[in-house]
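Working notes, structure below.
The values are calculated or read from the model by the stated rules, or taken from the named source; none is laboratory data. The structure displayed is predicted, hence computed values, not measured ones. So basically every Cβ, Gly included, is an ideal-geometry build from the backbone, and we count neighbours across all protein chains shown. The area values use the complete protein model at the heavy-atom level, side chains included, leaving out ligands, DNA and RNA. Shrake-Rupley method; radii C 1.70, N 1.55, O 1.52, S 1.80 Å.
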Amino acid sequence: MKNFKNSVVAIAVVCSLAACEDGENGAVGANGANGKISLISQTTLPLGNEFCKNGGIAVGSGIDSNDDGNLSNDEVTITNYVCADTVKTLSSDSLATSVTNDWFKQGENSIKTAEVNWQRADAIKDLRGKAKNVILFVGDGMGVSTITAARILEGQRKGMLGEENSLSFEKFPFSGFAKTYNVDAQTPDSAGTMTAMMSGIKTDAGVLGVDEDIQRGDCTSVTGNEMTTALELAEIAGKSTGIISTARITHATPAAAYAKSAERNWEDISDMPSEAVAQGCEDIASQLVNFEANLEARMTGVDVDGIDVVMGGGRRHFLPKDAAFNSIDAESEKEGDRSDGRDLTAEWQAKYTDGNFVIDQAGFDAITPATTTRLLGLFNESHMRYEADRENDVAGEPSLSEMTSKAIDILDNNEKGFFLTVESGRIDHAHHAGNAYNALNDTIEFAKAVQMAIDSTNPEDTLIIVTADHSHVFTIAGYPKRGNPILGKVVGVGKTEASLAKDGMPYTTLGYTNGRGYQNLGAETDADATYELDIAAGRVDLSNVDTTAAGFHQEALVPRSSETHAGEDVAVFASGPGAYLVTGTNEQSLIFHVMNYAAGLTVND
Amino acid sequence: MKSIISLTLMFTVVSFVTKAEQACQMNEDLLGAHYKLVNSQVNAVKRKHANEQETFKLSSLWRMNQKVLSVNGDQSTTWFKLSNDLVQKTAHFDHFQRSIEYQAKSMSNDRWQQIRQLIPNSKRQSLRLSGSKFKGCYQQELYQWENEASNLHGKLLWNANLKLIIELTITQRGRQNHWQLEEIVQDAKVIALAFAKREKYQTTDFADIGDNESDPFLIKMINLGFIKHGSSGIYNAKGENMAIEHNH
């Protein structure tokens, strides 16, 4: 701070006034002595001066009492200081240790990238409708800790230390957080959360495509509470549409895109109470096959052509409970569950004679995207396999990234664009089973699928959003050193031996707050193998256990038959037109509104 | 104390089985076997209070071609061997009329035989064959074994044609676990019904349990745990595994 001390320049003028009487002027008196002169002096102050740390000028003032024309120090009566300004910027030389640091350079590059991103966003004066294509990726149960751990695992598989790695969608320019709670639940389920993302409203847990006025399980409460989804709006807009999931395609997350149901478990008619059937409610699989007719019936004047690409698991809900309908891929005596005798796969093929129905890898591989207009792929009787377990499938299944790539290649044949939702459904299941290996491995495959989408689309006309429906009670704990295997036991900084807990036993970095707990199943790639074993929550001596093996199940604190969801916010990543609308912490239902706005799916009065 | 019961005596005890078998029409792939399980103390003092010490339980084993149903109280399990040799398991909770379906898995022959016969061939063949005799149409074999170190004695009466346990007794440190075949069901309709009634139960995929917190049945299962022992193999009336230890 500048410190001015204003001096008072004292100039003494002596004037004596004598009283005068009328009469002759007197003689001119002798000249008086010269008055003293006031002088100022300036002294440059060096850096580190007592009064001016950054240097400056000392301004002294006083009477030149010895009349030598100079103001000596002893004649200075007042000193003011004009200090040099403090240093506001440093030269690169001064910052050498900082600017040459790789982390520092990486941060500077990120700022440049962000600057460009915001300039692009600002340049678009009217964002509405700029996204020709929209892809919504949902990692089921992919909370922030799952993303972090998967990022490290992917990095370590690449030969990196791991922590510095980024999954494909973590490189997206914009991100934010979503509050996941359901209207009636602090910790949510997939039905309520995906309905929020697809329909733009928050609703109760366990219900699909309906608002909170619904009574779960009450068929009669559906009518009048149906919401319209982004996929339906895209259909109405003439875009191509697609749904992909590694879970059953009738499972809650994919079903929220197309079904209206008072109960997520009504996947086929055998799952429904007879009362609900009698009241006219339609099971979820049937709603998928009848999507076109149902939408046209609900929306007067609408003419749509149905969902163009559907791929996932869940054949059981489309086939009659009759061994005669078993496929070569059947994994039970009677593959189908339907008690009404309907073969929905046959109905779909009769309805869409130009369509391709496939059930295995060979059928999938035979699909030529350029000439395919419609595809139904049901690759498993129930959920599709974990990515690590795919090779054990009887007839073979495509990976999530393969399905994503092929779906886009089919959907982008429509010049009006497309809407696609892609779910990695088994991240959630691996967590429920307490098996971090499969949860992270499927997250890595999910990131690969996102990369496929990035590579197959134009960022100028395609909005890609990546998020999760909810989190899990999955933790990254302890103080492992940098580069410590993320699936391994905690080894502290500077140490080579595993850290020991108060009980004298080592512990893993990854763990669960609740669930089934420890299992050492070696090379087992099916996380669900643990369900046939006893619950083993609590501490176990892991000294001689390979915790990085696919079949290792992490310890859990609270014993339960199944590990649970968690209630914290999830991350949302976005790229493409309208992506910058994804910022801050918002209700999960905002995701629908971003997609709706960016793609111009509805007219805003 | 080593307990030895002669073959003659055992054949007398199970004479009702012999009668049933005399029709010679029974098929090892299509039958139902009802067992009575008894846990008891065998020393003289405790035997005076047998009513207090004994535990009874009924169990049954059903076979229908490549399907096996094991019933243990109000919990039961169906196993189905697929044409590709994978085995799919479904756990039933008869009281709730609900089922949990598990993914088909590959399974060793020993494990499949343990489910289907209650004892794998390799284990049975490692026991000492102390007698063999045709009774009616079927060959019955008596196996005995003991392990002095663990004070364990066992005997198994085996129907070699039907691959079925007729009687199994394991005695260890004064405690005796006993399986006794009570009845063999041949009626195809009755056998089919045992399977069919459980097929009608509402099923839940094992992987979906965690997503169904509001389901009262699943909440109960989540809190109490699922079926543990007794779903296959040999267990006692309390559902505890019966280890067939022996000297080779």
Criterion first (in a helix (DSSP H, G or I) and out of contact with any strand residue (DSSP E or B) (no Cβ under 9 Å at 6 or more places or on another chain)) does A:Glu163 satisfy it?
no
So, first residue farther than 19 Å from A:Glu164 by Cβ in the range A:481-496, second residue loosely packed, with under 13 Cβ neighbours inside 10 Å, Cβ within less than 6 Å, six or more apart or across chains; the pairs are A:Gly492/A:Tyr479
Members of the range A:164-195 that are among the hydrophobic types (A, V, I, L, M, F, W, C), surrounded by 22 or more Cβ atoms within 10 Å (Cβ to Cβ) and over 16 Å from the mean Cα position of the chain (by Cα)
A:Ala191
Would you confirm whether or not the range B:182-202 contains a residue that is open to solvent by less than 10 Å² (accessible area, probe 1.4 Å), assigned to a strand (DSSP E or B), away from chain A (no Cβ under 14 Å) and farther than 30 Å from A:Ser339 by Cα?
no
The condition of being away from chain B (no Cβ under 14 Å), assigned to a helix (DSSP H, G or I) and among the β-branched types (Val, Ile, Thr) holds, among A:Val450, A:Val466, only for A:Val450
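Restricting to the range A:184-197, name every residue that is part of a loop (DSSP other than H, G, I, E, B) and within 14 Å of A:His470 (Cα to Cα).
Of everything in the range A:184-197, those that are part of a loop (DSSP other than H, G, I, E, B) and within 14 Å of A:His470 (Cα to Cα) turn out to be A:Gln186, A:Thr187, A:Pro188, A:Asp189.
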Condition broken by A:Leu510, with the remaining ones in (1) buried (at least 19 other Cβ atoms within 10 Å of the Cβ); (2) within 14 Å of another protein chain (Cβ to nearest Cβ) satisfied
(2)
Looking at the range A:38-59, is at least one residue charged (D, E, K, R), open to solvent by 100 Å² or more (accessible area, probe 1.4 Å) and in a loop (DSSP other than H, G, I, E, B)?
yes
Filter the range A:562-579 down to the residues that are modelled with pLDDT of 95 or more and hydrophobic (A, V, I, L, M, F, W, C) and list them by number.
A:Ala566, A:Val570, A:Ala571, A:Val572, A:Phe573, A:Ala574
Hey, can you tell me all the residues within the range B:204-213 that are touching a residue at least 60 places away in the same chain (Cβ under 8 Å) and more than 7 Å from chain A (Cβ to nearest Cβ)?
B:Thr204
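Give me the residue from the range B:156-181 that is among the charged types (D, E, K, R) and either touching a residue at least 40 places away in the same chain (Cβ under 8 Å) or within 30 Å of A:Asp140 (Cα to Cα) (or both) and, out of that set, farthest from the other protein chains (Cβ to nearest Cβ).
It comes out as B:Glu167.
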Going by the structure shown, is A:Leu153 over 15 Å from A:Asp469 (Cα atoms), in contact with a helix residue (DSSP H, G or I) (Cβ under 9 Å, 6 or more places away or on another chain), hydrophobic (A, V, I, L, M, F, W, C) and assigned to a loop (DSSP other than H, G, I, E, B)?
no
What about A:Glu263, is it part of a loop (DSSP other than H, G, I, E, B), touching a residue at least 24 places away in the same chain (Cβ under 8 Å) and open to solvent by 20 Å² or more (accessible area, probe 1.4 Å)?
yes
Need pairs with beta-carbon distance below 6 Å; first residue within 14 Å of chain B (Cβ to nearest Cβ) and within the range A:413-429, second at pLDDT below 95; sequence gap 6+ or separate chains.
A:His429/B:Ala207
Output the residue which, of all residues in the range A:154-163 that are touching a Gly at 6+ places or on another chain (Cβ under 9 Å) and open to solvent by 20 Å² or more (accessible area, probe 1.4 Å), is nearest to A:Asp140 (Cα to Cα).
A:Glu154
For the range A:198-253, give me each residue that is among the β-branched types (Val, Ile, Thr), within 14 Å of chain B (Cβ to nearest Cβ) and assigned to a helix (DSSP H, G or I).
A:Thr253
Of a type in the set (Ser, Thr, Tyr), away from chain B (no Cβ under 14 Å) and in contact with a helix residue (DSSP H, G or I) (Cβ under 9 Å, 6 or more places away or on another chain), is that true of A:Tyr580?
yes
Is there any pair linking a residue in the range A:87-100 that is under 19 Å from A:Cys52 (Cβ atoms) to one that is open to solvent by less than 100 Å² (accessible area, probe 1.4 Å) and modelled with pLDDT of 80 or more, with Cβ under 9 Å and at least six apart or on different chains, and which?
A:Val87/A:Asn54; A:Val87/A:Ser94
Kindly list, by first and then second residue, each pair from a residue in the range A:309-336 that is free of Cβ contacts under 8 Å to residues at least 40 places away in the same chain and among the charged types (D, E, K, R) to a residue that is open to solvent by 30 Å² or more (accessible area, probe 1.4 Å) and part of a helix (DSSP H, G or I), limited to pairs with Cβ atoms under 7 Å and residues at least 6 apart or on different chains.
A:Glu333/A:Ala323; A:Lys334/A:Ala323
